[in-house]
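This is the structure I have questions about; it appears just below.
The values are calculated or read from the model by the stated rules, or taken from the named source; none is laboratory data. Keep in mind that what you see is a predicted model, and the values were worked out from it rather than measured. With ideal geometry, Cβ positions are generated from the backbone for all residues, glycine too; neighbour counts draw on all protein chains shown.
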Amino acid sequence: MHKKSGYSLILFLIFIMTYSCEEKEVTPPEQTKISADFTAFATPPASYYSGGTASHTIQIKNTGNTRWKFWIGCSVRNKSGGWYDIPVDTVTLNPLETSKQIDMSWRLPTDKIIVSGSYLSRAAIWKTNPSLPGAVQLDVNEIADAFDAFNFIDEFNSFENTRWVVSTKLTPGYGRFTIPNIIVENGILSVKFPKLTKDGGEIKTVSPAKYKYGSYRASIKTPLQLPGTYTTFFLYESANLDEIDIEIWNDGTGKVDFNTWVKGVQKFSAQVVLPFNPGEQFHEYRIDYYPNEVSFWIDNVKLKSTGDISQIPTTITNIYLSGWWPKWMTGDASSADNFARYEWVKH
């Protein structure tokens, strides 16, 4: 009798325990989730110059389930593939909280020449300090062609002797380049084609050559009608004979020649006919010179380019502005002075 009661009690306890386990669900502890996303990333699409500041605005959201300190990185990249890193910042957020605006800025260096032209902006969110091994990136955002950066703009308010020198020599065609044919006044550099001669004028950046990859731009108005002459904007290195040319015909036809030369050998040549007379008003002429492409632009429209590495110079160069009489053109000296005008140049 005693044994039977004990056996029944054991069965009863097993039943109670089984019933309790079936009724009560065991909830596992919540796993920590660390994540974040960008809610905003912007850079004003402006042009910046040496010493200027390209600003970026960033906002992020903590999309995880725990309070966390996130690391924010921001960098900019030029068209030659070179990166500049902005010092990292941090922000601590509660779950589902969005940060205030985070400002991150890149100051263009003043102590060296940068690759000018368009820059890409990139921002990243990191779980930990990205400078340490094993850092995990949580999100990344990019803006292609975010802003333009340049070393200088010369608006010809005066003649900058630290930047330019006037050529005094025979031209590659007829006549000579002479000092009186370079005039700077009222914010315009004028290259004079003096009457009754086939002389011209030229300026170039001071030696030694110091420019290389980047975007070269100039606002130019040619003589209205002076057949037999060129107005030019080009890059040239006299030791290796590397050259990239924009040569505008001054005969009213709108013809423009684009060329590259490598070690004195012409490697690329193309001509376009513009739908306007380049002597009627100022237009922007542009050379983009990078390791993998040289392209030619007018009024922000890409007209010709080459990506053939054998056609692309590789040496440091000077910037030239000139007006002259090529021997392969036909035209007579004018009875009046004519002028090629440059409103500004930047690189």
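Being over 15 Å from Tyr48 (Cα atoms) and either part of a loop (DSSP other than H, G, I, E, B) or β-branched (Val, Ile, Thr) (or both) is the requirement here; does Ser80 meet it?
It is true that Ser80 is over 15 Å from Tyr48 (Cα atoms) and either part of a loop (DSSP other than H, G, I, E, B) or β-branched (Val, Ile, Thr) (or both).
Moving on to the next point. Any residue in the range 182-200 that's at pLDDT below 95: show its pairings with residues that are buried (at least 20 other Cβ atoms within 10 Å of the Cβ) and among the β-branched types (Val, Ile, Thr) at Cβ separation under 9 Å, as long as the two are six or more apart or on different chains.
Pairs found: none.
So for the range 198-207 (the condition being among the β-branched types (Val, Ile, Thr) and within 16 Å of Lys346 (Cβ to Cβ)), does at least one residue qualify?
yes
If I filter the range 321-347 down to residues being among the hydroxyl-bearing types (Ser, Thr, Tyr) and part of a loop (DSSP other than H, G, I, E, B), which single residue comes out as surrounded by the fewest Cβ atoms within 10 Å (Cβ to Cβ)?
The selected residue is Ser335.
Taking only the range 83-108 into account, find how many residues are in a loop (DSSP other than H, G, I, E, B) and touching a Gly at 6+ places or on another chain (Cβ under 8 Å).
Qualifying residue count, the range 83-108: 2.
I'd like the full set of residues that are hydroxyl-bearing (Ser, Thr, Tyr) and farther than 18 Å from Phe38 by Cβ, limited to the range 53-109.
Thr53, Thr66, Ser80, Tyr84 - these are the residues of the range 53-109 that are hydroxyl-bearing (Ser, Thr, Tyr) and farther than 18 Å from Phe38 by Cβ.
In the range 168-180, how many are touching a residue at least 40 places away in the same chain (Cβ under 8 Å) and either touching a helix residue (DSSP H, G or I) at 6+ places or on another chain (Cβ under 9 Å) or not in a loop (DSSP other than H, G, I, E, B) (or both)?
2
Here is a list of conditions, (1) under 23 Å from Phe177 (Cβ atoms); (2) of a type in the set (Phe, Trp, Tyr); (3) without any contact (Cβ under 8 Å) to a residue 40 or more places away in the chain, and Phe276 meets all of them except one; can you say which number that is?
Evaluating Phe276 over (1) under 23 Å from Phe177 (Cβ atoms); (2) of a type in the set (Phe, Trp, Tyr); (3) without any contact (Cβ under 8 Å) to a residue 40 or more places away in the chain leaves (1) as the failure.
Can you tell me which of (1) under 20 Å from the mean Cα position of the chain (by Cα); (2) free of Cβ contacts under 8 Å to residues at least 12 places away in the same chain is the one Gln266 doesn't meet?
Going through (1) under 20 Å from the mean Cα position of the chain (by Cα); (2) free of Cβ contacts under 8 Å to residues at least 12 places away in the same chain one by one, Gln266 breaks only (1).
Now a separate question. Can you tell me which of (1) exposed (fewer than 14 other Cβ atoms within 10 Å of the Cβ); (2) in a loop (DSSP other than H, G, I, E, B); (3) outside the structural domain of Glu247 (by TED's automatic domain parsing); (4) among the β-branched types (Val, Ile, Thr) is the one Thr162 doesn't meet?
(3)
Sort out which residues of the range 96-134 are among the hydroxyl-bearing types (Ser, Thr, Tyr) and under 30 Å from Asp288 (Cα atoms), and write them in order of number.
Ser105, Thr110, Ser116, Ser118, Tyr119, Ser121
Right, here's the next one. When the range 258-287 is examined, which residues are found to be part of a strand (DSSP E or B) and surrounded by fewer than 17 Cβ atoms within 10 Å (Cβ to Cβ)?
Val265, Gln266, Ser269, Ala270, Gln271, Val272, Val273, Glu284
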